[in-house]
Amino acid sequence: MAVEYTLSIIKPDALEKRCVGAIMSRIENAGLKIVATKMTSISLEEACNFYEVHRGKPFYNALCTFMASGPIIAMVLEGENAVSKYRALMGETNPLKASSGTIRGDFGKDVTEANRERNLVHGSDAVETARSEIAFFFSTLERLSVVQ
Ligand code: IDP
Ligand code: MG
């Protein structure tokens with residue numbers, strides 16, 4: 001099986017709820033390795049660029065405003081099938097539908113239809129996407145041993 005890299009973001013709502021440690025523990029317990037990380041924040045313009053693929057969708061403005069609303073933690077995760085493994089750990093996009101045992105299902109119980117962009121975490125959806133998303137947040141130096 002192939003070792004992959006994926007970009008994880010712990011979103012502003014997770015920092016507000018103080019479940020950063022719990023999320024990182026779940027990542028490590030699932031056999032994924034955190035190989036780069038930083039706490040940072042992004043401007044509205046940067047958030048809009050990061051989520052460019054969703055431009056024009058009804059939730060786009062709310063999503064970008066939310067992502068620029070507070071600190072976030074970006075991480076590069078390494079492991080076999082890291083992309084799909086981390087997406088399974090996150091659970092469904094809609095926290096109202098995400099299963100118990102997933103990050104979104106367990107920490108997003110207070111979310112409503114009106115603010116369901118607040119789903120705690122981001123994870124790349126493919127190896128190719130991960131490559132550009134990692135480059136968005138991390139310089140070559142910061143990526144350390146990540147071969148991409
Ligand atoms: P993903 O994060 O599970 O890959 P995407 O479809 O790529 O889901 O959507 C990006 C982000 O946009 C989601 O994580 C969530 O924060 C937000 N989002 C997606 N669909 C909706 C929606 O229908 N309402 C509100 N926010 C949404
Ligand atoms: Mg996505």
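Over the chain, what portion of Cα pair distances is larger than 18 Å, expressed as a whole percent? Each step should come with its number before you reach the end.
Values: 5952 of 10878 pairs.
Summing the P(r) tail past 18 Å for the chain gives 55 percent.
If we count every other residue with Cβ under 14 angstrom of Ser41's Cβ, Lys/Arg +1 and Asp/Glu -1, where does the sum land? Let's see the in-between values first.
Working: positive: Lys11, Lys38; negative: Asp13, Glu16, Glu45, Glu46.
That works out to -2.
Could you work out which residue, out of Gly70, Gly56, Gly105, moves most in a Gaussian network model of the chain, that is, has the largest mean-square fluctuation with Cα springs under 10 Å?
It is Gly56.
For the chain, which whole percent of the accessible surface, found with a 1.4 angstrom probe, sits on carbon and sulfur atoms? Could the numbers behind the result be given before it?
Details: 4020 of 7560 Å².
Carbon and sulfur: 53 percent of the exposed surface of the chain.
What trypsin sites (Lys or Arg not before Pro) does region 109-141 have in DSSP loop regions with at most 13 other beta carbons within 10 Å? Spell out each step's value before the answer.
Numbers: sites: Lys109, Arg116, Arg118, Arg131; in loops: Lys109, Arg116, Arg118.
Those that pass, being in a loop and sparsely packed, are Lys109.
So which trypsin sites (Lys or Arg not before Pro) in region 9-88 are both in a DSSP loop and have at most 12 other Cβ atoms within 10 Å of their Cβ? Don't skip to the end; give the middle numbers.
On the way: sites: Lys17, Arg18, Arg26, Lys33, Lys38, Arg55, Lys85, Arg87; in loops: Lys17, Arg18, Arg55.
Counting only loop positions with at most 12 other Cβ atoms within 10 Å, the trypsin sites (Lys or Arg not before Pro) in region 9-88 are Arg18, Arg55.
Determine the gain in length on full extension of the stretch Glu52-Thr140; use 0.36 nm per residue of separation and subtract their C-alpha separation, reporting nm with one decimal.
Details: separation 88, 0.36 × 88 = 31.68 nm, distance 2.27 nm.
Answer, rounded to one decimal: 29.4 nm.
Suppose all protein chains stay in the model; what accessible area per residue would a 1.4 Å probe give for the chain, in Å²?
Per residue, the chain has an accessible area of 51 Å².
Among Val20, Val53, Tyr86, which residue has its Cα furthest toward the positive end of the charge dipole of region 1-95, with +1 on Lys/Arg Cβ and -1 on Asp/Glu Cβ?
Val20
What's the magnitude of the charge dipole for the chain around its Cα centre, counting Lys and Arg as +1 and Asp and Glu as -1 at the beta-carbon? Answer in Debye, nearest 20.
Numbers: 17 positive and 18 negative charges, 56 e Å.
That gives a dipole near 260 debye.
Comparing Pro95, Pro12, Pro58, which has the greatest mean-square fluctuation in the GNM of the chain with Cα pairs linked when under 10 Å apart?
Its mean-square fluctuation being the largest, the pick is Pro58.
Any idea how far the Cα center of region 88-148 sits from the one of region 21-47, in Å?
Using only Cα atoms to place each centre, the spacing works out to 9 Å.
The values are calculated or read from the model by the stated rules, or taken from the named source; none is laboratory data. Treat the numbers as computed from the prediction; the structure is a model and nothing was measured. When we count neighbours, we look across all protein chains shown, and the Cβ atoms used for this are built from the backbone with ideal geometry, even at glycine. To get the accessible areas, we keep the full protein, side chains included, count just its heavy atoms, and leave off ligands, DNA and RNA. Shrake-Rupley method; radii C 1.70, N 1.55, O 1.52, S 1.80 Å.
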